[in-house]
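The values are calculated or read from the model by the stated rules, or taken from the named source; none is laboratory data. None of these values were measured; they are calculated from a predicted model. When we count neighbours, we look across all protein chains shown, and the Cβ atoms used for this are built from the backbone with ideal geometry, even at glycine. These area figures cover heavy atoms from the full protein model, side chains too; ligands, DNA and RNA do not enter into them. Shrake-Rupley method; radii C 1.70, N 1.55, O 1.52, S 1.80 Å.
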Amino acid sequence: MKILKYSLICIALMAGASSCEKDGFVPLSDVRPAIPLIVSNGMEFRPGYTVRASRADGNFKFDLEIPASSGRSIKEITNIVAGTGPGRFFSRTPSTDFVYINTPIAGTGNKASFASTLTQFTAITKRAVPANNAANAVELPLQFFFLVTLDDNSTLVSEPVRVLVVP
């Protein structure tokens, strides 16, 4: 008798839980902007875009692009943050985030590019580039976030972009 009673209670709870509908925004849902911002020279997606920097020459570059079919063009890269998140774009000042560049960089059509060096990274962030040997690659300790302004003055914030330092 107890087994029947507990079975009915479990069935009722399962029916009640499965009958709920999603209402509005759910924090774990994947919300994407209407116009995606792509790092066209990204080598891997781990889980964000990754560009490579050679330790031999120390240069790295970010090529940002929006789809030509969007009907918009990139006016400028307004701001670049090196950090753990894009908080500085939203009036927060985490101590782990650095304004990397806040001088606008003009875009051309649906593309814009920004180049930097490992030496400049160390000078701005006061973070050393991790050591690696001839057999492995390492990531810079901070990720890059881009605030991009479009021709209609709307803005896009990039996903985190990593820099992989190869020997």
Quiz item: Is there any pair linking a residue in segment 77-102 that is more than 20 Å from ALA115 (Cα to Cα) and of a type in the set (Lys, Arg) to one that is at pLDDT below 80 and surrounded by 13 or more Cβ atoms within 10 Å (Cβ to Cβ), with Cβ under 6 Å and at least six apart or on different chains, and which?
Solution: ARG88/ASP97
Exercise. Filter the strands (runs of 3 or more DSSP E) completely within segment 19-108 down to those with at least 3 residues that are modelled with pLDDT of 85 or more and surrounded by fewer than 16 Cβ atoms within 10 Å (Cβ to Cβ).
Key: 59-65
Self-check item: Looking only at segment 142-167, and only at residues there that are open to solvent by 40 Å² or more (accessible area, probe 1.4 Å) and within 20 Å of ALA56 (Cβ to Cβ), the one that is modelled with the highest pLDDT
Solution: ARG162
Self-check item: Whichever residue in segment 109-132 is touching a helix residue (DSSP H, G or I) at 6+ places or on another chain (Cβ under 8 Å) and open to solvent by less than 40 Å² (accessible area, probe 1.4 Å) and, among such residues, is modelled with the lowest pLDDT
Solution: VAL129
Exercise. Can you run down the residue pairs with Cβ atoms below 7 Å, 6 or more apart or on separate chains, where the first is in segment 137-163 and closer than 14 Å to THR125 by Cα and assigned to a strand (DSSP E or B) and the partner is modelled with pLDDT of 90 or more and open to solvent by 10 Å² or more (accessible area, probe 1.4 Å)?
Key: GLN143/ARG162
